[in-house]
Each structure stands twice: as C-alpha cells, then as structure tokens.
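Since the structure comes first, as structure tokens, the remarks are kept for the end.
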Amino acid sequence: MRRFLSHIYRPVLLLFGLASVAFAKVQVREQEGNLVYQVEKSPFLDEKTKKELSSGISTRTVVLAKLIELPAREVKQHMVTIESRYDLWEENFQVHTIPGKKKVLKARSEVEDLLNGPGPFALLPLAEIKNQAFYRVD
C-alpha cells in the first residue's frame, strides 16, 4: 500500500523575478499513473509584479518541489519554469512552461491565475513509489 501525505498541504518554493520568493502549499494526488502536485491558489503576486507582467519584459516563475521518503531521503527533485512575456504588438501573453508547452493568453488576469496556482505537474511515476513507504513533498 502506498502512503502519501496527500491530504496535508506542504510548502513548495516559488520564485518570481529576481528578488521575489514565496512558499506555497501543494496538494499531492495520483493521476494517470503518476504522482502529481498542484500548487494551491494563493495571491503570490504583488502589485509591482502584476504591472510588470504587461510591460513587455519577460517574467520567469520557478516552482521547485522535492519528494522525500520519510524520514529524510530525497527521492526526486522537480523544477518547472514558467516564462511569460507580453507581446506589445500582438497584445497577448506568450506563456511557455518548461518542461511543457507554449500557449497564448489574452488577458493579464489569465496569466495571474496561472502563476497564482500553477500545476498540476507530474512528479514521479507511481511504479517507482515503494509499497509500505511514507512520503512527503517539500
């Protein structure tokens, strides 16, 4: 039997720009044969960062999560980078998730929603999780 601390929200590091750091809560669940995590929606972006989203300058958000087998063995570290840039000519946002996909969003509020609750992200295939072990995501 696999045991995850999936009902407990764990902190995950989010980095905004060069100087902004935030810690977020994450929910862990099984999805399509993988252990996935979703950052809980929270207002991470301050007013200055929100204005910078539509300045035409690229904004980069980094999500860093670690899967820990209790008591303290790191099984996997997972990092996702979300790059967004407002195209002043086309008047839309180019968003690229690394690893992942590119998409175009029209409204700044859509980008804010994405950055305030990124995910879900696949952390590890369930086949690689040991039975009778306890895990947490940091």
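The values are calculated or read from the model by the stated rules, or taken from the named source; none is laboratory data. Model, not experiment: these values are computed from the prediction. Neighbour counts are summed over all protein chains in view; Cβ atoms, including those assigned to glycine, are modelled from backbone coordinates with ideal geometry.
Go through the range 87-112 residue by residue and tally those that are touching an Asp or Glu at 6+ places or on another chain (Cβ under 6 Å) and aromatic (Phe, Trp, Tyr).
Qualifying residue count, the range 87-112: 0.
Can you name every residue in the range 53-74 that is of a type in the set (A, V, I, L, M) and within 22 Å of Ile98 (Cβ to Cβ)?
Passing the criteria: Leu53, Ile57, Val62, Val63, Leu64, Ala65, Leu67.
Every residue in the range 106-138 that is modelled with pLDDT of 85 or more, small (Gly, Ala, Ser) and in contact with a strand residue (DSSP E or B) (Cβ under 7 Å, 6 or more places away or on another chain), please.
Residue satisfying the conditions is Ala122 alone.
Just to be sure, is Lys51 more than 21 Å from Gln27 (Cβ to Cβ), at pLDDT below 85 and either surrounded by fewer than 17 Cβ atoms within 10 Å (Cβ to Cβ) or under 13 Å from the mean Cα position of the chain (by Cα) (or both)?
yes
Is it the case, given these coordinates, that Glu90 is modelled with pLDDT of 80 or more, more than 23 Å from Leu124 (Cα to Cα) and assigned to a helix (DSSP H, G or I)?
no
Which condition number does Lys103 fail, the rest of (1) in contact with a Phe, Trp or Tyr (Cβ under 7 Å, 6 or more places away or on another chain); (2) assigned to a strand (DSSP E or B) being met?
Against the list (1) in contact with a Phe, Trp or Tyr (Cβ under 7 Å, 6 or more places away or on another chain); (2) assigned to a strand (DSSP E or B), Lys103 comes up short only on (1).
What number of residues within the range 86-138 are among the aromatic types (Phe, Trp, Tyr) and farther than 24 Å from Gln31 by Cα?
Matching residues across the range 86-138 total 3.
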